Amino acid sequence: MSTIRVTIWNEFRHEQHADHPASTLYPNGIHGAIADGLIPEGFAVGTATLDEPEHGLSSEVLANTDVLIWWGHMAHHEVSDVIVDRVQRRVHEGMGLIVLHSGHFSKIFRRLMGTTCDLKWREADDIERVWVVEPGHAIAAGLPEYFELPEEMYGERFDIPAPENLIFVSWFTGGEVFRSGACYTRGLGKVFYFRPGHESYPTYFDANVRRVIANAVRWAAPSHGPRPVFGNARPLEPRA
Ligand code: ZN
């Protein structure tokens with residue numbers, strides 16, 4: 001099997017503010033920490049950030065990406081619609097997309113879901129207990145029954161379409177619950193939303209979180225099935 005090519009896209013703004021905890025937690029950016037978790041898995045890993053030309057997502061970069069990972073928070077509105085169109089087109093062609101944490105409000109995720117993707121939140125040093133509810137799924141491989149993280153709270157209702165597969169449900173110390181690992185298909189592309197990853201916590205260094213992201217990359221990689229044929233069609237069988 002050929003090497004899976006991953007591009008990690010990060011807004012990369014919080015980490016560049018010296019007074020923000022993310023600047024100490026993620027000196028190489030959130031994308032750098034995610035890359036450090038994926039490189040030992042044998043993937044070909046590249047990164048792209050908002051302030052690069054075309055946000056680092058040129059047609060060439062996307063054409064050479066099997067799975068795109070997306071982290072954004074404070075600057076969703078700065079992402080150009082031209083790039084959103086381009087990413088959506090590649091998902092429909094078969095590129096995998098993994099949307100992390102506050103990426104729930106990104107233009108690309110809302111576009112692909114068709115709903116508001118709104119939710120409840122609280123930044124108050126909660127503990128998140130992530131339960132694996134679909135242990136036979138590829139994204140759950142190698143995980144314990146549950147794992148815990150100091151995290152921001154996200155609570156239901158999460159305004160997403162019913163997932164095709166729900167892999168994780170999180171419980172928080174405030175009593176809230178959240179569908180924290182949701183799988184979709186859009187065109188030929190697979191889409192996975194994974195909740196943990198607030199910028200003020202070292203979540204992307206956690207071994208279980210890294211396992212989930214690596215598993216999700218393998219799951220979301222293009223399956224290279226037949227290209228769909230649309231439009232007026234001749235019968236395959238001869239007719240009298
Ligand atoms: Zn957050």
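Readers should treat all values here as calculations from the given coordinates under stated rules, not as data from a laboratory. The structure presented is a predicted model; accordingly, all values stated were derived computationally and were not measured. No Cβ is skipped: glycine too gets one built from the backbone with ideal geometry, and neighbour counts run over all protein chains shown.
Considering only DSSP beta bridges whose two residues both sit in the chain, what percent are antiparallel, to the nearest 5? Let's see the in-between values first.
On the way: 26 of 45 bridges.
Roughly 60 percent of the DSSP beta bridges within the chain come out antiparallel.
Highest mean first, what order results for 167-174, 114-121 on Cβ atoms within 10 Å? Don't jump to the answer; show the numbers that get you there.
Working: 167-174: 20.4, 114-121: 14.5.
Those peptides, ordered most packed to least, come out 167-174, 114-121.
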- Report the extension gain between Met74 and Glu60 in nm, rounded to one decimal, defined as 0.36 nm multiplied by the number of residues separating them, less their alpha carbon distance. 2.4 nm
- Item | Estimated distance in nm for a label pair at Lys120 and Asp85, the labels positioned 7 Å out from Cα along Cα-to-Cβ | 3.9
- Length gain on complete extension for the stretch Ser2 to Asp19, per 0.36 nm per residue less the alpha carbon to alpha carbon distance? 1.9 nm
- Taking Tyr154, Tyr146 and counting other C-beta atoms within 10 Å, the order from fewest to most: Tyr146, Tyr154
- For the chain, the Rg and Dmax computed from alpha carbons only, in angstrom: 18.3, 78
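Tell me, Met113, Met95, Met74 in order of fewest to most beta-carbon neighbours within 10 Å? Each step should come with its number before you reach the end.
Numbers: Met113 19, Met95 26, Met74 11.
Ordered from fewest to most neighbouring Cβ atoms within 10 Å, Met113, Met95, Met74 come out as Met74, Met113, Met95.
Hey, got the dipole for the stretch 128-198? About the Cα centre, +1 on K and R Cβ, -1 on D and E Cβ, debye to the nearest 20?
On the way: 6 positive and 10 negative charges, 60 e Å.
Dipole size: approximately 280 debye.
Sum up the charges of everything whose Cβ sits under 10 Å from the Cβ of Ala221, counting Lys and Arg as +1 and Asp and Glu as -1, but leave Ala221 out.
Values: positive: Arg5, Lys190, Arg218; negative: Asp66.
Result for the neighbourhood of Ala221: +2.
Among 132-145, 30-43, what's the highest-first ranking by average C-beta atoms within 10 angstrom per residue?
On the way: 132-145: 14.9, 30-43: 18.6.
Ranked from most to least packed, the peptides come out as 30-43, 132-145.
Give me Asp51, Asp206 sorted ascending by neighbouring Cβ count inside 10 Å, so fewest comes first.
Fewest to most other Cβ atoms nearby, the residues stand as Asp51, Asp206.
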